[in-house]
Amino acid sequence: MDKLRYIIALIFGLMLLNISLKASDPVVAVPSEKGKIEGEVVDGNEKVPVEYANILVMNPGDSSMVTGGLTDLDGRFQIKDIPLGDYYVVVNFIGYEKRMIDNVKVTKKNQHIDLGKIDLNMTAVQLKAAEITAERMAVEYHLDRKVVNVAQDLDAAGNSAVEVLEKVPSIRVDISGEVSLRGSSNFTVLIDGKPSVLQGSEALQQIPSSTIENIEIITNPSVKYDPDGTAGIINIKLKKNRIDGLGGVVNATVGTGDKYASDLYLNYKTGKFNIFGGIDWNDRKFYNESTENRETINNDTSFFQNSFGEGAWLRNGLRLKGGLDFTPNDNTTWSVGGEYGDFGFGMDNYQHVKQFSQPASSTRYYINDDQRRWKRNFYSLNGSFKKEFAGENHELTLYGFYSNRDGSEKQDKIEYDTDANWNSIDSDPFLLRTDESGPSYNIRTEMDYTRPVGEEGKMEFGYHYRRGIDNEDYTLQTFDYDASAWITDDDFTKNTFFERDIHAVYSTYSNSYKSFEYQLGLRGEYTYRNIEVSNTGESSLIDRFDYFPSLHVSNRFNDNNQVMASYSRRIDRPRGWYLEPYESFVDENTRRLGNPALLPEYTDSYELGYLRTLSAGNVSVDVYYRKTDNKITNISYVDQETGILYYQFQNLNSDQALGIEGAFIYDLTKWFNLNLSGTFYNYKLDDKTSESGGTKTSNNWDSRLIGSFKLPTNTRFQVNLSYESPTVEAQGREEESYYADVTVRQDFFEKKFNVTLKVGDVFATRTARSYRNGPDFYISQTRIPESRVVTLTLSYRLNNFKERQDRRSEMGGDM
């Protein structure tokens, strides 16, 4: 009953707000002495919208600019508060020929001018008799998001979304493929604006770059979207064909060190139907060498465990997906889709280990051969309905999603004693295996409604529901040579049931005055979460209501200068395995311990952005401040009774990041593009939850330099230089990392077929070094990934496959 009262109260409050805004609409329109000009800008060849095109309203007497604006994500524009008079309108965008529209008259009788669809034709330049067609920037900087145009990144060929993100400011990718956004791994991954079955880096590692049109980095989204992920949203927008007929793309990749991938994507559009589908497969290994030195202190004795060896991260999977769009008229769209996937992740370690203690005791040498395998077998179904009503900003969208996943995590370990030269002296090695597996499913429904308020305003209202259930069994077995059988350890055998229901309602109100725009938003979420361990009787329950406000404002001073400020409150809920109230085996000296008392993180995020549009590029600067309470951190400590090192996620007090990001992208010549970007931020970690706690700070920075060359023979050459500074962690420090990649691509047959060759980490400089320490332990780790990895990708586009953005999946609003 409590949760129903929460939901009813919030819905009632939002309905009152909606009614009051509607009541404020004028009953009688008062004639204005100003008018407005609107229209839609499209590509003259492909008939697709041209986003962020410049619209200038000019005085024909002295050719001065009266006012101006930009097109939105659908290529539409509306310029208001134009004094009555005669004008001409100039429409332009980088890579297109300028378009002029004369004799635009705004009068008392004709205050509303609709220019309709305006075609822009792309420019072409000659470079030593080779035709170079104008293209979009590799990374576009909009005021509320960064848009990575994957097709313009030569390195993207044959890779996943992770490799594409390596070049984006505010993104860090470690050598194991783990992604962090502005120093946080707590972000949400969306695919075409909708949640992914997989989460975080796991999802990004399995999406082939060849199926991606662009990637949006949104650090302060509006309340229309889930508040999960304290760092923001990474939205993957997949390719679709807008041209009638059959189109598609097929890719095949092979790389040194056992790396293979291929994918096929087809799209058929005819009349009111659009049918699409694809298959992708990958099997890749990423080899590495590692060392670890560990010291733990127990009862005045220091125990040392030093190891070195080699290993590999494994990524493999097969995915099938398809769907259908039906558009019976210009105002209605029905869509259905489905996906099947069988993904695998793995980690192999073959380590030479030396154990000893001080005061001195016997020394043990042994080899640890450890293999871990994660399997994710799933299918999902989705459907949506969109209805646009008469007038602008008036539409209804319904969406439903269901997924079913059967996952497992298996570990197989062999330990055998050796002499000091690593020769085996053990006829009966220690054998251990663990298995954590079980099914899970997710259900999601959404209703979103948008309606105009007054002449300029807009209100959004919606209800979202999501439910997730996981049921996992965990077993640990060791091999008994006397019994010639595997023996189950009851202390490590658990059955866990996890369920979570989230009801959410939200409302936003946006309006504008001249060049100033604003949006206010409020979201309320009721969360019910329960965890039960059936064989021990342990349980943990959460019954909570949260509020998430947001604010976005922007001002366009003129056609080339824009400023935007925003605020949002976000949450990061602990993953299920963080909370499991039992102990899991890592090795004989290490355990993982769940924490059912773990609280969610809450983040307040503030941003101020500036964008300057140049004749052949842009400059952007973002200042941001982010404060997170209940910071979730993986903490290590030594049990003084057993001497075992435990890992457990715990809540620290807070962390803060104050930073600035900048980017400069410019076509210095017709054949050379420079992409220079960097981030600098001060990071402060406040931990007063333990005796070893305190405040840690560090100044962190990273930079990217990408140089792209266009040669006369349909050849492109790209150099990527990257640097990431050291940074502090709750119990240690991660050292700097830097590397260089080189890529060359050759196009054939009017760019329908291309060959891409990439050499990664050319100078073999990429290394991961980290340190962790506490009152009773010290750990130093070094991992060196394989370097100078060479990959070759062949790509063919059927009917010169044309990509588009799916309007139904757009993330943006008016901001």
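Quick rundown of the values:
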{"read-out": "HN-Hα J in Hz across segment 422-429 - Karplus 6.51, -1.76, 1.60, θ = phi - 60°, x for Gly and Pro", "value": "6, 8, 5, 10, 10, 7, 10, x"}
{"read-out": "Sorted largest first, extent of segment 31-74 alpha carbons per principal axis (Å)", "value": "36, 29, 14"}
{"read-out": "Relative frequency of Cα-Cα separations exceeding 18 Å in segment 314-367, percent", "value": "68 percent"}
{"read-out": "For segment 581-661, alpha-carbon Rg over 2.2 N^0.38 Å", "value": "1.77"}
{"read-out": "Radius ratio Rg over Rh of segment 299-417, counting only Cα atoms, Kirkwood formula for Rh", "value": "1.38"}
{"read-out": "Using a Förster distance of 51 Å, the FRET efficiency for Asp629-Ser362 (Cβ separation, nearest 0.05)", "value": "0.60"}
{"read-out": "Surface accessible to a 1.4 Å probe, Val744 within the full protein complex, Å²", "value": "50 Å²"}
{"read-out": "For the chain, the Rg and Dmax computed from alpha carbons only, in angstrom", "value": "28.6, 101"}
{"read-out": "Area projected by the alpha carbon convex hull of segment 206-285, averaged over all directions, nm²", "value": "7.6 nm²"}
{"read-out": "Charge dipole (debye, nearest 20) of segment 244-297; +1 at Cβ of Lys and Arg, -1 at Cβ of Asp and Glu", "value": "320 debye"}
{"read-out": "Student exercise, segment 559-693 dipole from Lys, Arg, Asp, Glu Cβ charges, in Debye to nearest 20", "value": "500 debye"}
{"read-out": "Translational D in µm²/s for segment 419-520 (Stokes-Einstein at 4 °C, 1.567 mPa s, Kirkwood Rh from C-alpha pairs)", "value": "65 µm²/s"}
{"read-out": "Helix 2-23 vs. the chain, principal-axis angle (Cα, 0 to 90°, nearest 10)", "value": "20 degrees"}
{"read-out": "Dipole moment magnitude, nearest 20 debye, the chain about Cα centre, only Lys, Arg, Asp, Glu C-beta charged", "value": "3160 debye"}
{"read-out": "Cα-based convex hull, segment 215-358, per residue volume (Å³, whole number)", "value": "188 Å³"}
{"read-out": "Three-way shape label, segment 419-476, alpha-carbon gyration tensor, a/c 1.5", "value": "oblate"}
{"read-out": "Sites excluded, GluC sites (Glu not before Pro) in DSSP loops with at most 10 other C-beta within 10 Å, longest stretch of the chain", "value": "34-640"}
{"read-out": "Segment 578-715: Rg to Rh, with Rh as the Kirkwood radius over Cα pairs", "value": "1.20"}
{"read-out": "Longest DSSP-loop-exposure-free segment, chymotrypsin sites (Phe, Trp or Tyr not before Pro), the chain, at most 12 other Cβ within 10 Å", "value": "1-421"}
{"read-out": "Stretch gain in nm, segment Val762-Asp412, where the contour uses 0.36 nm per residue and the Cα spacing is subtracted", "value": "122.5 nm"}
{"read-out": "Percent accessible area from carbon and sulfur atoms, segment 338-464, protein chains only, probe 1.4 Å", "value": "52 percent"}
{"read-out": "Length-normalised contact order for segment 424-560 - Cα pairs under 8 Å, 6+ apart - percent", "value": "20 percent"}
{"read-out": "Reachable lysines, given that their alpha-carbon falls under 18 Å from the alpha-carbon of Lys269 and they are not under 8 places away in the same chain", "value": "Lys47, Lys239, Lys240, Lys321, Lys802"}
{"read-out": "Whole-number percent relative contact order across the chain, with pairs defined as alpha carbons under 8 Å at least 6 apart", "value": "10 percent"}
{"read-out": "Gain in span if fully extended, Val553 to Thr478, counting 0.36 nm per residue against the direct Cα distance", "value": "20.9 nm"}
{"read-out": "Low-density loop cleavage sites - trypsin sites (Lys or Arg not before Pro) in segment 481-514, where at most 16 other Cβ are within 10 Å (DSSP)", "value": "Lys514"}
{"read-out": "Between segment 44-78 and segment 617-633, the Cα center-to-center distance that results, in Å", "value": "31 Å"}
{"read-out": "Normalised convex hull volume, segment 351-405, alpha-carbon set, Å³ per residue", "value": "192 Å³"}
{"read-out": "Those lysines that a straight Cα-Cα span of less than 21 Å connects to Lys413, excepting residues fewer than 8 apart in one chain", "value": "Lys285, Lys354, Lys375, Lys494"}
{"read-out": "Percentage relative contact order, segment 342-498, counting C-alpha pairs under 8 Å, at least six apart", "value": "18 percent"}
{"read-out": "Extent along principal axes [Cα atoms of segment 466-597; Å; largest to smallest]", "value": "84, 32, 20"}
{"read-out": "When segment 256-333 is reduced to its Cα atoms, the Kirkwood hydrodynamic radius in Å", "value": "17.8 Å"}
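The values are calculated or read from the model by the stated rules, or taken from the named source; none is laboratory data. Computed from a predicted structure; not experimentally measured. Every residue, glycine as well, gets a Cβ built from its backbone with ideal geometry; the counts of neighbours run over all protein chains shown. Each accessible area value is taken on the protein alone, full model and side chains, heavy atoms only, with ligands, DNA and RNA left out. Shrake-Rupley method; radii C 1.70, N 1.55, O 1.52, S 1.80 Å.
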